[in-house]
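Structure record follows, encoded as C-alpha cells.
The values are calculated or read from the model by the stated rules, or taken from the named source; none is laboratory data. None of the values given here were measured: they were computed from a predicted structure. Note that each Cβ is placed from the backbone with ideal geometry, even for glycine, and that neighbours are counted across all protein chains shown.
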Amino acid sequence: MNKKPTTNPDLEMMKGSAMPPEIQGQIGKQLREVYGKLLAEPLPDKFIELLNQLSKPERKA
Amino acid sequence: MTGSPKPSMQDELIALLPNLRAFARSLCGNSHQADDLVQETLVKAWKNQSSFAAGSNLKAWLFTILRNSFLTERRKRKHEVEDQDGILAAQLSVNGHQSGHMDMIDFEKSFSKLPEDQREALILIGAEGFSYEEAALMCGCAVGTIKSRVNRARGKLCQLMGVEGAGDFGTEDSVPDRVRITGR
C-alpha cells in the first residue's frame, strides 16, 4: 500500500504528452476516418458465396 | 426459411463482413491473407455457432475467432513474417492520397509505427468501439493492460506527429466538422 515513485512508463508517457480530452478526440476521429476507409471497401462475392454454401443443409450422397 | 436452424446468423455475419475484413487487414496487411482469414473465421463461426451465447456480442466473438486464427497462422509460418512496419500504412497509402490532407497521411504513417499490440488495442477501442472489458477478453489480457496500450498508443501518436495541442491537428479547412481548439 505504500506509494512508489512513479517510474511507470505509461504514467511517464501520460505526463509527457499531457493528453487533453480534445486530443484524444482528434486521434479517435482520425483513426475512425482511416479505419472507415477499410470498412468502406467493396466486398468480394466470395464471402457471400461461402456463407450461402455454409447455410445449405448438408447433403451426403 | 424452413431448413436453416438459425436464419439470422447468416444475415448477422453478412452485416459484420466489412468489420471482419477491416480488422483482418489491419492485423495482417496482406489483403489476400486477410481474405483467407475472414473466410476461415466464417467457416469456424458457422460450425461453432452453437457455442455462441445468444445475446452476447457477436462481433466480439467473431473478432476473437479471427484474431486467434491470425495468431495460429502466424505461429505456423513464423519464419516468413512480414515486417510489421507499414502494415496499415501499406494498405491505406493508396487511398490516403485521395484525402489530400497532410495530417491524415501523417496519422497513417505514425499509426503504422506503433507496436502491434498497441495498434490492435487502439483499433478495438477507438475504431470498433469495443469496451475495455470486451477488448481484454478478446486479447486474453487484463483490462488495465488494454487501457495502458491505448494510452501508450495515443501518447506515441502525438509524439510521432509532433502534436502539442489539439489545434495542431490539420491546418486546412478540408475537414468541415473539425473541432477547433484554442491553446490553453
Problem set entry | Output for segment B:32-67, where each listed residue is among the polar types (S, T, N, Q), in a helix (DSSP H, G or I) and more than 14 Å from the chain's Cα centre (by Cα) | B:Gln33, B:Gln39, B:Thr41, B:Gln49, B:Ser50, B:Ser51
For this session: Name every residue in segment A:22-45 that is surrounded by 16 or more Cβ atoms within 10 Å (Cβ to Cβ) and in contact with a Leu (Cβ under 8 Å, 6 or more places away or on another chain), in order of residue number.
Result: A:Ile27, A:Leu31, A:Val34, A:Lys37, A:Leu38
Seminar exercise, completed: Among (1) modelled with pLDDT under 90; (2) surrounded by 15 or more Cβ atoms within 10 Å (Cβ to Cβ), B:Thr41 falls short only on (1)
